[in-house]
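S.K.: Below are the C-alpha cells for one structure; questions will follow.
The values are calculated or read from the model by the stated rules, or taken from the named source; none is laboratory data. Quantities reported herein were computed from a predicted structural model and do not represent experimental measurements. A quick note on method: Cβ atoms are made from the backbone with ideal geometry, for glycine too, and the neighbour counts reach across all protein chains shown. What goes into the accessible areas is simple: the full protein's heavy atoms, side chains included, and nothing from ligands, DNA or RNA. Shrake-Rupley method; radii C 1.70, N 1.55, O 1.52, S 1.80 Å.
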Amino acid sequence: MLECQGKAIHDRVGAGTKDALRATALQSMGLNVTMVTNSQIHDQDKFAVLLDMLSEKLGIPFPDKTGRQIIAENNLRTDIFGDWLALSNEPTPAELKARRLNNRARREHGHAPKR
C-alpha cells in the first residue's frame, strides 16, 4: 500500500499520529505500507528510486525507459500530480504547454535520471 503524504492533509496538527496509527493497523493485518512524499512524485530522480524500490518489493522487474517514455512520464506526472489545491482552477492549455517546456528545459540541462 502507498500512502501519499500531501501537505493539504498531512501537515495538520495530529496528522502524523493518525498516519502512524493507520500504518500500524494496516501492517498488523499483513499489509506493507510505504509512505510517499510529494517530492518523491515530482522529482524525476526520486521518482525513479521509488519505482525501483516498489518493483523490488513486488518482485516485478522494471524495464528501462526510452527517452520518449521518460518525457511522457514527466508530462503525465506534471498533469496528474500538480498542485492539488489549485485543481478547481484547471490549467489553461498555455499553462500546460509552459510546464512541459519547463520540464524539457530542465531535462536538457542534465536533470534526467541516469539509467
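S.K.: Just by accessible area at a 1.4 angstrom probe, what is the order of E3, E108, E95 from largest to smallest?
M.R.: Working: E3 25, E108 135, E95 90 Å².
The ordering from most to least exposed comes out as E108, E95, E3.
S.K.: Which whole-Hz ³J(HN,Hα) couplings does the stretch 34-39 yield from phi under the Karplus relation 6.51 cos²θ - 1.76 cosθ + 1.60, θ = phi - 60°, glycine and proline marked x?
M.R.: Whole-Hz 3J(HN,Hα) from phi for the stretch 34-39: 10, 7, 10, 9, 4, 5.
S.K.: Same structure again: Please list the non-local residues whose amide H lies under 5 Å from the amide H of T37, H modeled 1.01 Å from N, same-chain partners needing a gap of 5 or more.
M.R.: Here the answer is Q5, since their amide H atoms fall under 5 Å of that of T37.
S.K.: Right, next: Tally Lys/Arg at +1 and Asp/Glu at -1 over every other residue whose Cβ is under 11 Å from the Cβ of D43; what's the total?
M.R.: +2
S.K.: Quick one: pull the percentage of alpha-carbon pairs in the stretch 31-73 with a separation above 12 Å.
M.R.: I get 67 percent for the Cα pairs in the stretch 31-73 exceeding 12 Å.
S.K.: Please report the net charge: other residues with Cβ closer than 13 Å to the Cβ of R106, K and R +1, D and E -1.
M.R.: Surrounding charge for R106 is +2.
S.K.: So between K65 and E3, what do we pick up on full extension, going 0.36 nm a residue minus the alpha carbon distance?
M.R.: 19.8 nm
S.K.: In nm, to one decimal, how far is the modelled label at L101 from the one at E73, with both set 7 Å along Cα→Cβ?
M.R.: Result: 2.6 nm between the two label points.
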